[in-house]
Amino acid sequence: MSIEGVEVTTFSGGTTRKAPRRRLRRLLLAAFTAQYTLIAIGVGLPLAATLHYIVTPQIVGKFQAVATALKR
């Protein structure tokens, strides 16, 4: 088909190289997301436990000591 002497070709749904790249990109994104999630859980839970059982009682004890001292 030509329009005003210019050849116009239509591209009919041929496979492109973008499909495997998109699939690979999805797989890599899923792998990195899973890795990040596991590391965040692995670091976050022990940190939260340390704060809850060790640091928090010390801080509460200091505040109670200060409150007691201020009452006197």
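No lab work stands behind these numbers, since they all come straight from the coordinates. Keep in mind that this is a model prediction, so the values were computed, not measured. FYI the Cβ positions are ideal-geometry reconstructions off the backbone, even for glycines, and counts take in every protein chain you see.
So the values come out like this:
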{"read-out": "Sites VAL60 and TYR36 - FRET efficiency at Förster radius 30 Å, r taken between beta-carbons, to 0.05", "value": "0.35"}
{"read-out": "Rounded Å value of the spacing that divides the Cα centres of the stretch 56-72 and the stretch 22-42", "value": "45"}
{"read-out": "Estimated FRET transfer efficiency when R0 is 25 angstrom, pair ALA69-ALA48 (beta carbons, to 0.05)", "value": "0.25"}
